[in-house]
Amino acid sequence: MDKLVISGGRPLKGEISVSGAKNAILPLMAASLLTGGWHQFENVPQLRDIRTFCTLLESMGADIRCEEPLCINTDNVSRLEAPYDLVKTMRASVLVLGPMVARFKKARVSLPGGCAIGARPINLHIKGLEALGVNIELRHGYVEAKAKRLTGTHIYLDLVTVTGTENLMMAATLAEGTTVLENAAKEPEVVDLANYLKTLGAKIKGAGTPIITIEGVKELNTPSPYRVIPDRIEAGTLLVAAGITGGEITITNCIPAHLETVIHKLQETGMTFEIGENWVKAKSPEIISSADVKTLPFPGFPTDMQAQFMALMCLADGVSVITEQIFENRFMHVSELRRLGADISIDGRTAVVKGVKELLGAKVMATDLRASASLVLAGLAAKGTTEVSRVYHLDRGYDRLEKKLSALGANIVRVKE
């Protein structure tokens, strides 16, 4: 296993490009199952989750070329199963369920099982597919889906679910008639998937709003090359890196509209910004002010930025209240931040952060993807040396983050434990 060793206290300065979005490319890869031919994706990050999804598609019979651009040929897909050994390592594997049952009229997908940050059941996926006419049985830990045909219908999602919206939207593209998804997720990644499906000939309206309408077609077209949107969470993490280190960073290859809520909240801390068409320049204040945050579905403050923002608040002047409203167990980074000297108390889904004058380097352990990012950020600001272990979590969602931070002046190296 690798760990990151960080000598903190250096203000980060310079310009860095944001990688493609992990949470966008994974559903795009699943969408390749809807029609044969070569699907070509550009701006794909080099991540552990991408490699896992490639392995999953290869196990089904797809031909994969993993270099940039990522190319997937689904002409010869025949093994319509997502096995437990792969699904347990990456919950996004469940995204193959909708496309498989839409194109092949059957699928066998392992239930995802537990998740470190909280319960993420797929009951809404199943309920929606059943409404489309899919017969589903749960047997031996697997979802076994069969259908003679899929028929368009009206589906109300009891909770906003990103992967549920994506799975049902993909399935509905090949259903007979019109499907309406109400209370749909509005995340940019959902819009990106809809845009790709439309290049294949799908008829979709309303992506990015609470109501998405899909008019089913008999078949989809030959794929064309498609460029993945930039990763808004990586972009937000880099903006926080500027603030927590007292630095000044310009991020490029980003979509500022996807960062509006994060930027607004960082402005409350005293950070200042210049914004261009596809770039954002962030500058830290002399004194970081405290600010409260509540996580919400897009366009609210993203749960995937909560841990990073908490790291910043550890050094703020005052007290901040951070409320996690998406996942019930997403404060596991708190105990590790305390090892660096943070003053944080927890009451249920609320964390109260009292800013301290300084953080001190220590050995810490990552517990999940975004928690690992928060520890890296804290380590960049801490005096002395911080060692972050179990960074395989970080590698699931950040493309060579330590190299990007090094290019901005950070003293950070990856070593074998």
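Odds and ends about this structure:
- Spans of helices (runs of 4 or more DSSP H) in region 299-401 with at least 3 residues in contact with an Asp or Glu (Cβ under 7 Å, 6 or more places away or on another chain) and over 26 Å from GLY247 (Cα atoms): none
- Selection of region 366-375 for residues being more than 13 Å from MET310 (Cβ to Cβ) and hydrophobic (A, V, I, L, M, F, W, C) yields ALA366, LEU369.
- Taken over region 151-182, the residue count meeting the criterion of being in contact with a strand residue (DSSP E or B) (Cβ under 8 Å, 6 or more places away or on another chain) and either basic (Lys, Arg) or assigned to a loop (DSSP other than H, G, I, E, B) (or both) is 6.
- Pair list, Cβ < 8 Å and 6+ apart or interchain, from region 328-357 residues that are more than 16 Å from ALA316 (Cα to Cα) to residues that are of a type in the set (Asp, Glu) and in a strand (DSSP E or B): none
- Near pairs, Cβ below 9 angstrom, 6+ apart or cross-chain, from region 199-213 (closer than 19 Å to PHE41 by Cβ and free of Cβ contacts under 8 Å to residues at least 60 places away in the same chain) to any residue that is loosely packed, with under 13 Cβ neighbours inside 10 Å and of a type in the set (Asp, Glu): GLY201/GLU219
- So LYS281, is it in contact with an Asp or Glu (Cβ under 7 Å, 6 or more places away or on another chain), of a type in the set (Lys, Arg), modelled with pLDDT of 95 or more and assigned by TED's automatic domain parsing to the domain that holds LYS383: yes
- For ASN73, the conditions (1) of a type outside the set (Val, Ile, Thr); (2) farther than 30 Å from MET332 by Cβ; (3) over 25 Å from the mean Cα position of the chain (by Cα) all hold with the exception of (3).
- Among the residues of region 348-365, those that are under 15 Å from MET310 (Cα atoms) and surrounded by 22 or more Cβ atoms within 10 Å (Cβ to Cβ) comprise ALA351, VAL353, LEU359.
- Listed by first and then second residue, the pairs linking a residue in region 5-25 that is touching a residue at least 24 places away in the same chain (Cβ under 8 Å) to a residue that is hydroxyl-bearing (Ser, Thr, Tyr), with Cβ atoms under 6 Å apart and 6 or more places separating them unless they lie on different chains, are ILE6/THR386; SER7/THR385; PRO11/THR245; LEU12/THR245; GLU15/THR250; SER17/THR252.
- Just one residue in the set LEU12, LEU95 is over 30 Å from GLY243 (Cα atoms) and either buried (at least 20 other Cβ atoms within 10 Å of the Cβ) or not charged (D, E, K, R) (or both); that residue is LEU95.
- Counting only helices (runs of 4 or more DSSP H) that sit completely within region 183-298, those holding 2 or more residues that are of a type in the set (S, T, N, Q) and over 30 Å from LEU124 (Cα atoms) correspond to 232-245.
- In region 312-341, residue surrounded by the most Cβ atoms within 10 Å (Cβ to Cβ) [restricted to those that are small (Gly, Ala, Ser) and in contact with a Gly (Cβ under 9 Å, 6 or more places away or on another chain)]: SER320
- Set THR165, THR213, THR199: member being crowded, with 16+ Cβ neighbours inside 10 Å and within 30 Å of GLU68 (Cβ to Cβ): THR165
- Among all positions in region 93-100, there is no residue which is part of a loop (DSSP other than H, G, I, E, B) and either farther than 20 Å from ALA172 by Cβ or not basic (Lys, Arg) (or both).
- Of all residues in region 36-60 being in contact (Cβ under 8 Å) with a residue 60 or more places away in the chain, in contact with a helix residue (DSSP H, G or I) (Cβ under 7 Å, 6 or more places away or on another chain) and not charged (D, E, K, R), the one that is surrounded by the most Cβ atoms within 10 Å (Cβ to Cβ): HIS39
- Hits in region 98-110 - residues which are more than 22 Å from ASN221 (Cβ to Cβ) and either surrounded by 16 or more Cβ atoms within 10 Å (Cβ to Cβ) or out of contact with any helix residue (DSSP H, G or I) (no Cβ under 8 Å at 6 or more places or on another chain) (or both): ALA107, ARG108, VAL109, SER110
The values are calculated or read from the model by the stated rules, or taken from the named source; none is laboratory data. Note that the coordinates shown come from a computational prediction; the quantities given were computed from them, not determined experimentally. Neighbour counts are summed over all protein chains in view; Cβ atoms, including those assigned to glycine, are modelled from backbone coordinates with ideal geometry.
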